[in-house]
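This report refers to the structure that appears directly beneath it.
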Protein chains: 2
Amino acid sequence: MMKEHMRVTAHDVAEAAGVSRSAVSRAFTEGASIAPEKRQRILSIASMLGYQPNRIARGLSGRRTGLVALVFGRVSSPYEAWLLDHLSQAIRARGKWPLLLSAFPEGELDGALAHALSYQVDGAIVAAGSVSRTLAERCAALGAPIVMVGRILDGVAVDAVCCDNALGMRQLVELLVSEGRHRIAWIGGKAEAFSNVERQAGLLEALSGWGLEPWARRVADYSVEGGMLQALALLTADERPDAILCGNDAMALGAISAARRLGLGVPEEIAIAGFDDIPAAAWEPYLLTTVCNPVAETAAQALRLLEQRIDDGARPHEVVRLTPRLVRRRSA
Amino acid sequence: MMKEHMRVTAHDVAEAAGVSRSAVSRAFTEGASIAPEKRQRILSIASMLGYQPNRIARGLSGRRTGLVALVFGRVSSPYEAWLLDHLSQAIRARGKWPLLLSAFPEGELDGALAHALSYQVDGAIVAAGSVSRTLAERCAALGAPIVMVGRILDGVAVDAVCCDNALGMRQLVELLVSEGRHRIAWIGGKAEAFSNVERQAGLLEALSGWGLEPWARRVADYSVEGGMLQALALLTADERPDAILCGNDAMALGAISAARRLGLGVPEEIAIAGFDDIPAAAWEPYLLTTVCNPVAETAAQALRLLEQRIDDGARPHEVVRLTPRLVRRRSA
DNA sequence: TCCCGTATTGAACACGTGTGCAATATAGGC
DNA sequence: GCCTATATTGCACACGTGTTCAATACGGGA
């Protein structure tokens, strides 16, 4: 191939500049011992030749590749896409590159992450709700810098950042109850998903604080379609709830559609609320009342934790709990 | 750090198995010359030790890293997220890994792609609508395997896959006109965006085929919010259009919201159509009539072109035009 | 038993860079 | 002008792998 023939290496630059190859390397290394004017000359000649240090080789020699693995289950759902956007932006802002791991069957995840470590990533940010405990422990044991987002594993020594799901649910329940809603139904997500576990627990606790119990409980898959189907079932039952709380916004959007399809007024006849505050929640036909999952701050904190962990692998593990904010719109 | 201390290399495996390091390398190389039973023994010892070839080192020595750069402008918008999902899935299915480049100011893109090439990616799939012609030419000249998605640059020798935007617009116009709509307004995107250029040109051509001209032309930014604002302006003007064609689905969703806000019936008083068929287009409150941009096939074709280009850098360049499919829902 | 062709093997080199160490240049103080 | 502390520099090695090439083992036919 032509490619390798045209590739310009540090050696070429050194020759052109009449210096040693080490000098070229040092010119590109922040804080290395080299005369300022010589560095300038080398840099200018390098850019003239179109030279750029080969990060692969650099990663082999030094111990840093500048790669950060982003472990996602799926990217297409609104919340994940949103989070991914912020994370990749944050990573780029720190001069690193995101290596994306996504879209594989859940079971394959463990193997995939191990595989990714063979790329010598400096660290990984895991946003997949379904990483196995075993994998997390293995990583922790391996000493690989890892930050979990939206998930906390008790007893596993891992940094994590996660919004206070229980607090969010408490705010929602308080809002609904204070408006006189007492027949509150719940549409949750998959039982294994951590966010769902915490949100459901928060819901139950908050309700019992008012001496209430869920009017009904149903399970969907965090999708719009799933939310709609379960809401249809709830709203056509003999005893209708007067409010539906959903485990995430997507299902809540589906629930609103279900109510409309049945000719029920939202929020007059049925109040509906979600969780996350994805962009679509603010769209005119929905105006969903929800709880804002602070994505930007989540990304920032995750990256901060990761960098601190990379710098000092022995520091005590930290769990950051972000405060969600109630967003009142029309649906409740 | 502990990490490097614990790292197990081919050398360790060779020692444990009582063979040369070359043998270990060959055991992990498909089709290399090695006795079958020896390979099995090495592989089993390797997995026992938790060894895995270091892809970074492998990329340095061989010429393949197994990395494919995905160049995106932004990831958060629905269509991009959707495409990204399919692309990353397709890449993973081929045993490679996606390296994500996104979320930088447009101008920085050229530098970013050049930077990414320093990771020795085997190739890149560029989905950013706004890659400069200069950059594309530079890549082509550099011989780096590149496939452009959703964009075609005349005169630049690059593989590309792109849906037939003009055909899509023709189908939409035909549908609208055949239903008696003659006052068709257009909300386009940024003038530089390739998809917008083609779609707008297709619209004008199709309209003129019926002896028509756009009732009005406005520009937004491919966002829901932008679409709503421009639609509000259109629908409150003295002479109202009887149909609004939008450059993409997101703007069309905004337009539907605008019509609702003004109490106009969709499609009775105003027909609205978009382009792409993002998931949200099928949501109940919208039921947007649109044209389906075949994302899965786009991803598959892009990867096919990339792999062929990697295998043979000299083959003639290919441009794949995918056929969009009209999706009739309620809004038109 | 000997010879030759073939399947395996191991040693050595290449890939492009960072970095420790000793050597050198430079400047400053006397 | 000389000596010493310091700033630069270049050499050589390390990083972990793929791959070429000569050497070796093996097996079969004469």
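The values are calculated or read from the model by the stated rules, or taken from the named source; none is laboratory data. These numbers come from a predicted model, not from an experiment. Positions of Cβ are backbone-derived with ideal geometry, glycine not excepted, and every protein chain shown enters the neighbour counts.
Looking for something in contact with a strand residue (DSSP E or B) (Cβ under 8 Å, 6 or more places away or on another chain), hydrophobic (A, V, I, L, M, F, W, C), assigned to a loop (DSSP other than H, G, I, E, B) and assigned by TED's automatic domain parsing to the domain that holds A:Gly227 - is there at least one such residue anywhere in segment A:323-332? Please lay out each step first, then the result.
Applying the first criterion (in contact with a strand residue (DSSP E or B) (Cβ under 8 Å, 6 or more places away or on another chain)) to segment A:323-332 yields A:323-332.
Now restrict to residues that are hydrophobic (A, V, I, L, M, F, W, C): A:326-327, A:332.
Remaining after also requiring assigned to a loop (DSSP other than H, G, I, E, B): A:332.
Those still in the list that are assigned by TED's automatic domain parsing to the domain that holds A:Gly227 too: none.
Within segment A:323-332, none of the residues are in contact with a strand residue (DSSP E or B) (Cβ under 8 Å, 6 or more places away or on another chain), hydrophobic (A, V, I, L, M, F, W, C), assigned to a loop (DSSP other than H, G, I, E, B) and assigned by TED's automatic domain parsing to the domain that holds A:Gly227.
Yes or no: B:Gly209 crowded, with 18+ Cβ neighbours inside 10 Å and modelled with pLDDT of 95 or more?
Details: crowded, with 18+ Cβ neighbours inside 10 Å: no; modelled with pLDDT of 95 or more: yes.
No; evaluated as a whole, the condition is false for this residue.
Looking only at residues that are surrounded by fewer than 22 Cβ atoms within 10 Å (Cβ to Cβ) and facing another protein chain (nearest Cβ under 8 Å) in segment A:64-75, which one is modelled with the lowest pLDDT?
Of everything passing the filter in segment A:64-75, A:Arg74 is modelled with the lowest pLDDT.
Among all residue pairs at least 6 apart or on different chains, which show Cβ distances below 8 Å where the first residue, located in segment B:22-34, is over 17 Å from B:Tyr51 (Cα atoms) and the second is more than 6 Å from DNA strand C (Cβ to nearest atom)?
Matching pairs, first to second residue: B:Ala32/B:Ser25; B:Ala32/B:Arg26; B:Ser33/B:Arg26; B:Ile34/B:Arg26; B:Ile34/B:Ala27.
Among the residues that make up segment B:51-67, is at least one of them in contact with a strand residue (DSSP E or B) (Cβ under 8 Å, 6 or more places away or on another chain) and away from DNA strand D (no atom under 14 Å from the Cβ)?
Scanning segment B:51-67 turns up at least one residue that is in contact with a strand residue (DSSP E or B) (Cβ under 8 Å, 6 or more places away or on another chain) and away from DNA strand D (no atom under 14 Å from the Cβ).
Of the numbered conditions (1) near DNA strand C (Cβ under 10 Å from one of its atoms); (2) facing another protein chain (nearest Cβ under 7 Å); (3) more than 30 Å from B:Arg315 (Cβ to Cβ), A:Asp85 satisfies every one except a single condition; which is it?
(1)
Can we say A:Trp97 is within 24 Å of A:Cys292 (Cα to Cα) and either in contact with a Leu (Cβ under 8 Å, 6 or more places away or on another chain) or at the interface with another protein chain (Cβ under 7 Å from one of its Cβ atoms) (or both)?
no
Determine which member of the set A:Glu15, A:Glu4 is among the charged types (D, E, K, R), more than 9 Å from DNA strand D (Cβ to nearest atom), modelled with pLDDT of 90 or more and surrounded by fewer than 18 Cβ atoms within 10 Å (Cβ to Cβ).
Being among the charged types (D, E, K, R), more than 9 Å from DNA strand D (Cβ to nearest atom), modelled with pLDDT of 90 or more and surrounded by fewer than 18 Cβ atoms within 10 Å (Cβ to Cβ) holds for just one of A:Glu15, A:Glu4, which is A:Glu15.
Which of the residues spanning segment A:262-273 are surrounded by 17 or more Cβ atoms within 10 Å (Cβ to Cβ) and away from every other protein chain (no Cβ under 14 Å)?
A:Pro267, A:Ile270, A:Ala271, A:Ala273
Would it be correct to say that B:Glu269 is outside any helix (DSSP H, G or I) and over 26 Å from B:Trp82 (Cα atoms)?
Taking the combined requirement at face value, the residue satisfies it.
Can you find a residue that is free of Cβ contacts under 8 Å to residues at least 60 places away in the same chain, among the aliphatic types (A, V, I, L, M) and farther than 30 Å from B:Arg63 by Cα anywhere in segment B:272-286? Working first, answer last.
Start the filter on segment B:272-286 by keeping residues that are free of Cβ contacts under 8 Å to residues at least 60 places away in the same chain, which leaves B:274, B:277, B:281-286.
If we keep only those that are among the aliphatic types (A, V, I, L, M) too, we end up with B:281-282.
Okay, now just the ones that are also farther than 30 Å from B:Arg63 by Cα, so B:281-282.
Checked against the condition, which is being free of Cβ contacts under 8 Å to residues at least 60 places away in the same chain, among the aliphatic types (A, V, I, L, M) and farther than 30 Å from B:Arg63 by Cα, segment B:272-286 yields at least one hit.
State whether one or more residues within segment B:280-296 are within 17 Å of the chain's Cα centre (by Cα), aliphatic (A, V, I, L, M), surrounded by 15 or more Cβ atoms within 10 Å (Cβ to Cβ) and not in a strand (DSSP E or B).
Yes, because at least one residue in segment B:280-296 is within 17 Å of the chain's Cα centre (by Cα), aliphatic (A, V, I, L, M), surrounded by 15 or more Cβ atoms within 10 Å (Cβ to Cβ) and not in a strand (DSSP E or B).
Taking the condition outside any helix (DSSP H, G or I), crowded, with 24+ Cβ neighbours inside 10 Å, hydrophobic (A, V, I, L, M, F, W, C) and out of contact with any Cys (no Cβ under 8 Å at 6 or more places or on another chain), does B:Ile256 pass? Before the answer, list the steps.
Working: outside any helix (DSSP H, G or I): no; crowded, with 24+ Cβ neighbours inside 10 Å: yes; hydrophobic (A, V, I, L, M, F, W, C): yes; out of contact with any Cys (no Cβ under 8 Å at 6 or more places or on another chain): yes.
When the stated conditions are applied, B:Ile256 does not pass them.
Go through segment A:309-332 and give me each residue that's among the charged types (D, E, K, R) and either closer than 30 Å to A:Gly265 by Cα or surrounded by fewer than 13 Cβ atoms within 10 Å (Cβ to Cβ) (or both). Break it down into steps so the answer makes sense when it comes.
First pass over segment A:309-332, keeping only residues among the charged types (D, E, K, R): A:309, A:311-312, A:315, A:318, A:321, A:325, A:328-330.
Passing the criteria: A:Asp311, A:Asp312, A:Arg315, A:Arg325, A:Arg328, A:Arg329, A:Arg330.
Identify all residues within segment A:59-74 that are of a type in the set (D, E, K, R) and away from DNA strand C (no atom under 11 Å from the Cβ); write none if there are none.
Answer for segment A:59-74, where residues must be of a type in the set (D, E, K, R) and away from DNA strand C (no atom under 11 Å from the Cβ): just A:Arg74.
Within segment A:297-327, how many residues turn out to be over 30 Å from A:Leu287 (Cα atoms) and not polar (S, T, N, Q)?
16
Quick one: is B:Arg41 in contact (Cβ under 8 Å) with a residue 24 or more places away in the chain, under 24 Å from B:Pro279 (Cβ atoms) and surrounded by fewer than 22 Cβ atoms within 10 Å (Cβ to Cβ)?
Answer is no for this residue.
I'd like to verify a number: residues in segment B:31-50 that are away from DNA strand D (no atom under 15 Å from the Cβ) and within 11 Å of chain A (Cβ to nearest Cβ), how many?
Residues meeting the conditions: 0.
For segment B:146-159, indicate whether the set of residues that are within 13 Å of chain A (Cβ to nearest Cβ) and modelled with pLDDT of 85 or more is non-empty.
The initial filter retains those residues of segment B:146-159 that are within 13 Å of chain A (Cβ to nearest Cβ), namely B:146.
If we keep only those that are modelled with pLDDT of 85 or more too, we end up with B:146.
Within segment B:146-159 (the criterion being within 13 Å of chain A (Cβ to nearest Cβ) and modelled with pLDDT of 85 or more), the answer is yes, since at least one residue qualifies.
Which count do you get for residues in segment B:191-206 that are free of Cβ contacts under 8 Å to residues at least 40 places away in the same chain, surrounded by fewer than 17 Cβ atoms within 10 Å (Cβ to Cβ) and under 19 Å from B:Asp276 (Cα atoms)?
Residues that pass the stated criteria total 2.
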